[in-house]
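The values are calculated or read from the model by the stated rules, or taken from the named source; none is laboratory data. Remember, it's a predicted structure, so these values are computed and weren't measured experimentally. Backbone-built Cβ (ideal geometry, glycine too); neighbour counts: all protein chains shown. For accessibility, only protein heavy atoms count, side chains too; no ligands or nucleic acids. Shrake-Rupley method; radii C 1.70, N 1.55, O 1.52, S 1.80 Å.
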Amino acid sequence: MIIIGLTGGIASGKTTISNFFKKENIPVHDSDTVVSDLYKRPTEKLINLLNSIGLKKATTKKKINKRIISSEVFNNRAKLKRLEGFFHKEAGLSRNKFIKKNKLIRKKIIVLDIPLLFENKIEKICDFIFLAHCPLKIRIKRAMRRKKMKTQTLQKIIALQTPELIKLKKSDFVINTSLGKSYSNRQVMAALRIIKINTRK
């Protein structure tokens with residue numbers, strides 16, 4: 001089974017690529033969805049962690065206020081590290097189940113959609129890396145269109161992510177997402193053809 005790692009900085013167009021894989025009936029595991037689900041339906045472990053790092057005010061009746069968490073952790077590296085460590089572990093458990101399940105049903109290709117792929121050194125388990133890439137100016141414009149996104153928050157997110165030049169060097173296929181969905185999809189399809197040709201027995 002071929003494991004493709006899909007990554008990209010904030011607002012890089014990674015979701016467009018992920019959706020294309022799904023349309024091609026290639027299973028995709030989305031780390032962001034795991035984290036989002038934990039925020040929507042927080043476990044006792046998560047609530048206890050938030051309480052232990054001084055974020056009790058972010059939880060009310062088992063509901064989590066992400067805005068409070070963001071404003072706190074982006075100004076406190078220790079809290080950010082603890083929180084990221086928790087989500088990294090939970091996403092990893094979910095990802096391992098996904099890989100085992102698809103091996104059992106003999107899927108030929110699967111995709112791991114992981115924003116912090118290089119930061120968490122998960123590229124080691126991938127056969128190929130796809131990078132969603134476009135100029136920073138475009139990414140900033142896209143990100144600022146998002147609801148509740150603030151310039152300060154965006155700058156902090158970008159600063160915490162691996163520099164684009166390093167990502168470009170480490171990736172097998174760079175998908176330019178600045179010229180529209182159709183163009184991006186054609187690049188992904190071409191990359192998949194190359195992978196299939198090079199991995200035939």
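Descriptive notes on the structure:
- Flag if residue 79 is open to solvent by 50 Å² or more (accessible area, probe 1.4 Å), over 30 Å from residue 2 (Cβ atoms), in a helix (DSSP H, G or I) and in contact with a helix residue (DSSP H, G or I) (Cβ under 9 Å, 6 or more places away or on another chain): no
- Answer from 64, 109, 69 - the residue that is β-branched (Val, Ile, Thr), surrounded by 12 or more Cβ atoms within 10 Å (Cβ to Cβ) and touching a residue at least 40 places away in the same chain (Cβ under 8 Å): 109
- Residue match in the range 84-101 (condition: in contact (Cβ under 8 Å) with a residue 24 or more places away in the chain, among the hydrophobic types (A, V, I, L, M, F, W, C) and in contact with a Phe, Trp or Tyr (Cβ under 7 Å, 6 or more places away or on another chain)): no
- Residues within the range 162-175 that are crowded, with 18+ Cβ neighbours inside 10 Å and part of a helix (DSSP H, G or I), tallied: 2
- Test: residue in the range 186-195 that is free of Cβ contacts under 8 Å to residues at least 40 places away in the same chain and outside any helix (DSSP H, G or I): no
- Qualifying positions in the range 124-139 - surrounded by fewer than 17 Cβ atoms within 10 Å (Cβ to Cβ) and either aromatic (Phe, Trp, Tyr) or part of a helix (DSSP H, G or I) (or both): 124, 125, 136, 137, 138
- In the range 97-119, the residues that are over 26 Å from residue 193 (Cα atoms) and part of a helix (DSSP H, G or I): 97
- With respect to the conditions (1) of a type in the set (Ser, Thr, Tyr); (2) open to solvent by 70 Å² or more (accessible area, probe 1.4 Å); (3) outside any helix (DSSP H, G or I), residue 178 lacks only one, and its number is (2).
- Condition check for residue 159: part of a helix (DSSP H, G or I), under 28 Å from residue 92 (Cα atoms), small (Gly, Ala, Ser) and open to solvent by 40 Å² or more (accessible area, probe 1.4 Å): yes
- Looking at 42, 27, just one residue is under 21 Å from residue 72 (Cβ atoms) and either of a type outside the set (A, V, I, L, M) or open to solvent by less than 20 Å² (accessible area, probe 1.4 Å) (or both), and that residue is 42.
- Taking the conditions (1) open to solvent by 60 Å² or more (accessible area, probe 1.4 Å); (2) over 30 Å from residue 197 (Cα atoms); (3) assigned to a helix (DSSP H, G or I) in turn, residue 91 satisfies each one other than (1).
- None of 17, 2 is open to solvent by less than 40 Å² (accessible area, probe 1.4 Å), touching a residue at least 60 places away in the same chain (Cβ under 8 Å), more than 23 Å from residue 153 (Cα to Cα) and more than 15 Å from the chain's Cα centre (by Cα) except 2.
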